[in-house]
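Heads up: the structure comes next, in structure tokens.
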Amino acid sequence: MAQKVSLTRYLVEQQRVDGSIPAQLRLLLEVVARACKSISMAVNKGALGGVLGSAESENVQGEVQKKLDIISNEVLIEANEWGGHLAAMASEEMDSIHLVPSRYPQGEYLLLFDPLDGSSNIDVNVSIGTIFSVLKKPDDHPGVQEADFLQAGVKQVAAGYCVYGPSTTLVLTVGDGVAMFTLDREQGSFVLTQENVQIPADTKEFAINMSNMRHWDAPVKRYVDECLAGKDGPRGKDFNMRWIASMVADVHRILTRGGIFMYPWDKREPEKAGKLRLMYEANPMAWLVEQAGGAATNGKQRILDLQPTKLHERVAVFLGSKNEVERVTDYHNGA
Ligand code: AHG
Ligand code: MN
Ligand code: MN
């Protein structure tokens, strides 16, 4: 029987063979994986662990926080503070950046995360996840400021997510393709279950929250109308639809069997570019998708090229199978 490759071994071999992972980054990724394991355990206990329900507080984006949003945020911070690999962290659940306390050594990396993605699915026992992105701290000045985080997605040195579904799966890129690791609960470790993940360029499956249709812009409406028209319409084929309302779970499906995911700008809150956050939702997912041969845009431009202007910036998102993302992007650009 083929030997199982643990996440630790995978990272050590990447470090040794490709030189793509410095030791500090390897430690960082192992610590993030350990934190995800612990979040997975909490998620798994559900009502028995007293982790369901609202925390009755609001985050900086004015969203009501669930208990698990806060627990997951704390788990990630506590796990990452002391290892010496990080300079600072930023999270959906924290207004401003969190510096590594001065009692610990300071590292050269910056970690951003959405500790618990898909909060509306927590209490109904549907897949949720954690999304993370790693940047290098600019080395031209001492200390860390929020501005150090405002780097375009192309600057990421690692990105991934962990989906807490029927099984817990960690999906990772360090810029050398996408690998998936499934949590072996008996061994307590993540085991490599797929390497070189590829998204097919064509698909017959789209994901969008259809209840917002009346608020969309013309290009999005045109794209979805054409999918809905099926075999007899301009696309000449029938489409299927999925919407899990956890970006992590929707992206996981797309990495597994293709598809397009859309969370466009809409007229409900016209001053916001979209619902999803650029730095810890769109950027890491866009990089994973591109690394798997797919594409990711905000409707007009490649997401990874966008220069962020603030930590909690929002963005419209179109990602997944290349030909479909290019089509809806062309519609926006007047093609
Ligand atoms: P979060 O739980 O981190 O706030 O993110 C939820 C996001 C994303 O995961 C999902 O695709 C989307 O919100 C669902 O939005 P709707 O409820 O508007 O469909
Ligand atoms: Mn989220
Ligand atoms: Mn979240």
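The values are calculated or read from the model by the stated rules, or taken from the named source; none is laboratory data. What you see is a predicted model; the values in this text were computed from it and never measured. Cβ coordinates were reconstructed from backbone atoms using ideal geometry, including for glycine residues, and neighbour counts include every protein chain displayed. The protein model used for the area step is the full one, side chains on, heavy atoms only, and it has no ligands, DNA or RNA in it. Shrake-Rupley method; radii C 1.70, N 1.55, O 1.52, S 1.80 Å.
Considering only Cα-Cα distances, which of the following residue pairs are longer than 23 Å: K66/K221; K272/K310; K66/K275; K231/K322; K37/K66; K67/K275?
K66/K221
All other residues whose Cβ lies under 11 angstrom from that of D250 are scored, Lys and Arg at +1 and Asp and Glu at -1, for a net of 0. Need one word for segment 7-194: rounded, prolate or oblate. Basis is the Cα gyration tensor (sqrt eigenvalues a ≥ b ≥ c); a/c below 1.5 gives rounded, then a/b vs b/c decides. Verdict is oblate for segment 7-194.
If the only charges are +1 at each Lys and Arg Cβ and -1 at each Asp and Glu Cβ, what is the size of the charge dipole of segment 205-332 around the Cα centre, to the nearest 20 debye?
On the way: 20 positive and 17 negative charges, 34 e Å.
My answer is approximately 160 debye.
In straight-distance terms, cross-link reach from K45 covers every one of the aspartates and glutamates whose alpha-carbon lies under 17 Å from its own, apart from those fewer than eight places away in the same chain; here that gives D69, D123, D184, E186. For segment 109-126, backbone phi angles converted through the Karplus equation (6.51, -1.76, 1.60; θ = phi - 60°) give residue-by-residue couplings of 10, 10, 10, 10, 8, 9, x, 9, 9, x, 3, 5, 9, 4, 6, 9, 6, 10 Hz, Gly and Pro being listed as x. Surface composition of segment 24-133: carbon plus sulfur atoms contribute 51% of the solvent-accessible area (1.4 Å probe, protein chains only, all chains present). Ranking P105, A90, V17 by how far each Cα lies toward the positive end of the dipole of segment 7-194 (charges on Cβ) leaves V17 at the top. Ordered from largest to smallest accessible area (heavy atoms of protein chains, 1.4 Å probe), the residues I70, I131 come out as I70, I131. In this structure, the amide hydrogen of F190, modeled 1.01 Å from its nitrogen in the peptide plane, lies closer than 5 angstrom to those of L7, D184, counting only residues at least 5 positions away or on a different chain.
Grab the Cα-Cα distance for R222 and V17, subtract it from 0.36 nm times how many residues apart they are, and report the gain in nm with one decimal. Taking 0.36 nm per residue and subtracting the Cα distance, the gain is 69.1 nm.
At the residue level, D114 shows approximately 0 square angstrom of accessible surface with a 1.4 angstrom probe and all protein chains present.
Share of carbon and sulfur in the accessible area of segment 205-332 stands at 47%, probe radius 1.4 Å. Scanning the chain for cysteines with no neighbouring cysteine C-beta under 4.7 angstrom from their C-beta gives C227.
At 222 nm, what value in deg cm²/dmol follows for the chain if DSSP H runs of at least 4 each add -39500 (n - 2.57) and the sum is divided by all its residues, to the nearest 500?
-8000 deg cm²/dmol
Prolate is the label for segment 157-249, because the ratio a/c of its alpha-carbon gyration tensor axes (a ≥ b ≥ c) is 1.5 or higher and a/b is greater than b/c.
Under a 5 Å amide H cut-off, with hydrogens placed 1.01 Å from N, Q65 pairs with A55, E56, S57, E58, N59 among residues at least 5 apart or on other chains.
Scalar couplings 3J(HN,Hα) for segment 156-169, obtained by applying the Karplus form with A = 6.51, B = -1.76, C = 1.60 to θ = phi - 60°, are 4, 9, 7, 7, x, 8, 10, 9, 9, x, x, 10, 9, 10 Hz; x denotes Gly and Pro. Using a probe of 1.4 angstrom and keeping all protein chains present, the accessible surface of the chain works out to 43 square angstrom per residue. Among G230, G160, G129, the largest mean-square fluctuation in a Gaussian network model of the chain (Cα springs under 10 Å) belongs to G230. Taking all Cα pairs closer than 8 Å and separated by 6 or more residues, the relative contact order of segment 205-332 comes to 27 percent.
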